[in-house]
Every structure is written in C-alpha cells, then in structure tokens.
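K.L.:
A single structure is presented below for examination.
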Amino acid sequence: MRTLEITTKTALVRSRIPGAAYVINPYTGCSHGCRYCYAVFMRRYSRQHQAWPWGSFVEVKTNIAQVLRRELTRKRRSTTAMLSSVCDPYQPVEARYRLTRACLEVLREYGWGIEILTRSPLVTRDLDLLRTCFDVTVGFSIPTDDDRVRAVLEPMAPPIPERLAALRDVHAAGIRMGVVTSKKHALAAQTLELLDYARFMEVLIGEEDSPRHKPHPDPLWQAATQLGVSPQYTAYVGDNPDDILAARAAGMVAVGVGWCVRPCHELQSAQPNLCIDTPEALLTIVGCAAAVAVKKSYILIATT
Ligand code: SF4
C-alpha cells in the first residue's frame, strides 16, 4: 500500500445525492479495494497513481480540514455534507491522519448536518464527537453476512463481525441507522432478525417496494431515492437484457453477469457498461443473482 501526502484546493464538492448537498473526500484512493468499486475512475484525477491498481494507493489530503473551514466561513447557510462518496472516510490511514475527524469537528462548529458512509469500525473512535454533532447519520456497508464472501468481494475491508459489532456501538451512542436492500422485504427482514439487528434499524427497503418493474427504471430509481443516493453512484447488475436496459434508463452503471441464464455476449445488444465473467462471489450470496444494485454503502439483491 502506497500512502502519499498531498494538498488540496477544495474540500466541499457539490453533490446530487439526495440528502447531501456536498460531499467531502479526505482521501483519494481507498485501501479497501472492493472488487465492485465504482470509484475506480478517481485514478484519473491522480497525478501519481493513474496506472496503479485500485486499492494499492491512498493520497492523503493533509490540509483538507483547513480548506473546509475556509469554505464554510464563506457559506451563508448550513446544510448537510456526506463523508464520503469516492473513498471510505474511515479506511486504515484515518487512524493515523485523523482527517475525517478533523473535518467532523469543523462541520460541528458550523452547525452542518453530517452523513457518514463507511465499512470500517474505526468510526466508533469518533462517537464522542458524533454524539455532539448536529443531525448525524451513520451508514454501514454490510453486503453479506458471510465473511468468506466479504473476503472475495472486499478483500482488504474490515471483517463482517467487526462491522456488526460497530453497528451495536453506533446504536448505543444514539445515532440513527437504517438498512436498504433489494432483497425481498420479508427475506431481508428475516435476515436482520436472524442476525438480531432488526431492532437497531429504523428503515428497511425491499425489492417489492416499487409498483413498476424492469425494464422500466422506476424500481431502480425508487431504490436509489429511498437510499438517498444519486443513480449515478449506483451500479445495477443483472443477468438479462431487461436488467441492463433498466439500469441504463435509470442512469446507473449497467453491469451484466454471464453465468446465469445467458452468456455475456447475449447481453451485449442491451449495451451494458461491462460484463462480469467470474460468478463465484455473487453466486455465493444469492444462489443465482437476477440483479444486484451496488451503491457505495449498500448492496441490494433480487433473486430469480
Ligand atoms: S466501494 Fe467504497 S470502500 Fe470499497 S474500495 Fe470503493 S470507495 Fe473504498
């Protein structure tokens, strides 16, 4: 893992994510290295690491809290900022640099709302601070309850048991939480019950919570809206052309899977953004995935 200290000219970036007017990314690059990461495109904004594999480098914006303070001083109104959209704000380097914490302190000082999206239990380090912030939401990514699957999909991200333990801590700190999934609502609810986490979640969104169906984009939009995420930050993964057409109509990244009903070349007429030929991880999750929508912090799954 290569860590490089850099400086930045901007901290707040305008966002179209519902519920978050701005995003803040203290780091460029993400050492979690998730296989499905949608943020790989960020390499092209790096001077040093354009050709490096995603997950092998992190650029540390050492002055971001100072820049953020300067920007907030100029804002007339407070609103909400999300940490983060193209990195995990609590990836391992945060333990050393504490940039996310420094940004939270500035946001608190200016009375801004805060939305955190992470895979890392390191967020619990900042519970003392978050308890005193204005309007805080903490979102955790827990795409599977099977840590063997996690090891395939998110090889360098924290193990699932550690994330579940962190969820308990976050809840105990009085911070509101929810789960969003496109699994059947009842199935997702059952899973939460089995894990004994249903009592911690205020929101559960399931696959059947949309009246229109693929290839119409409505179900995908509804999932994105209720997630509070822009479609542009969502990838929809499916095994038939309707999945791909729905994803494209919704403005999401369309990903075809070639191991279920049709091989990848039969999906090409629908023009997916990419096709996946290595099924093991997704097959392990759902048996045979009909559709998986991947958002920064959530994986939504519908089965055939
Ligand atoms: S999906 Fe999120 S946590 Fe995983 S590598 Fe990408 S930015 Fe990091």
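The values are calculated or read from the model by the stated rules, or taken from the named source; none is laboratory data. Bear in mind that the values here come from a model prediction, so they are computed numbers and not experimental data. Reconstructed Cβ throughout: ideal geometry from the backbone, glycine too, with neighbour counts over all protein chains shown.
K.L.:
Suppose we filter segment 59-99 for residues that are away from the ligand (no atom under 16 Å from the Cβ) and among the acidic types (Asp, Glu); how many remain?
P.N.:
Counting residues in segment 59-99 that are away from the ligand (no atom under 16 Å from the Cβ) and among the acidic types (Asp, Glu) gives 1.
K.L.:
Now for a separate question. Only one of these conditions is not met by Ala157: (1) part of a loop (DSSP other than H, G, I, E, B); (2) more than 17 Å from the chain's Cα centre (by Cα). Which number is it?
P.N.:
Ala157 satisfies every listed condition except (2).
K.L.:
Please work out if Ala166 is modelled with pLDDT of 80 or more and either buried (at least 19 other Cβ atoms within 10 Å of the Cβ) or of a type outside the set (Asp, Glu) (or both).
P.N.:
In short, no.
K.L.:
Given the conditions (1) touching a residue at least 60 places away in the same chain (Cβ under 8 Å); (2) under 21 Å from Gly251 (Cβ atoms), which single one is not true for Leu12?
P.N.:
The number of the failed condition is (2).
K.L.:
I need the full set of residues from segment 1-23 which are assigned to a loop (DSSP other than H, G, I, E, B) and more than 21 Å from Arg74 (Cβ to Cβ), in order please.
P.N.:
Matches in segment 1-23: Met1, Arg16, Ile17, Pro18, Gly19.
K.L.:
Let me ask something else. State yes or no: is Arg108 surrounded by fewer than 24 Cβ atoms within 10 Å (Cβ to Cβ), away from the ligand (no atom under 16 Å from the Cβ) and not in a strand (DSSP E or B)?
P.N.:
yes
K.L.:
Within segment 26-54, which residues are part of a loop (DSSP other than H, G, I, E, B), within 9 Å of the ligand (Cβ to nearest atom) and on the phi < 0 side of the Ramachandran plot?
P.N.:
Cys30, Ser31, His32, Cys34, Arg35, Tyr36, Cys37, Trp54
K.L.:
Give me a count of the residues in segment 50-77 that are under 24 Å from the mean Cα position of the chain (by Cα) and surrounded by 14 or more Cβ atoms within 10 Å (Cβ to Cβ).
P.N.:
Going through segment 50-77 one residue at a time, the tally reaches 11.
K.L.:
Additional query: Restricting attention to segment 259-278, which residues are modelled with pLDDT of 70 or more and part of a loop (DSSP other than H, G, I, E, B)?
P.N.:
Pro263, Gln271, Pro272, Asn273
K.L.:
Does segment 121-128 include one or more residues that are within 21 Å of Ala198 (Cβ to Cβ), at pLDDT below 90, within 18 Å of the chain's Cα centre (by Cα) and within 16 Å of the ligand (Cβ to nearest atom)?
P.N.:
no
K.L.:
Within segment 55-69, can you find the residues that are part of a loop (DSSP other than H, G, I, E, B) and touching a Lys or Arg at 6+ places or on another chain (Cβ under 7 Å)?
P.N.:
Ser56
K.L.:
So which residues in segment 199-219 are in contact with a Lys or Arg (Cβ under 8 Å, 6 or more places away or on another chain) and either assigned to a helix (DSSP H, G or I) or at pLDDT below 65 (or both), if there are any at all?
P.N.:
Phe200, Glu202, Asp218, Pro219
K.L.:
Return the residues of segment 164-176 that are in contact (Cβ under 8 Å) with a residue 12 or more places away in the chain, out of contact with any Ser or Thr (no Cβ under 8 Å at 6 or more places or on another chain) and in a helix (DSSP H, G or I); say none if nothing qualifies.
P.N.:
The answer is Leu164, Ala165, Leu167, Arg168, His171.
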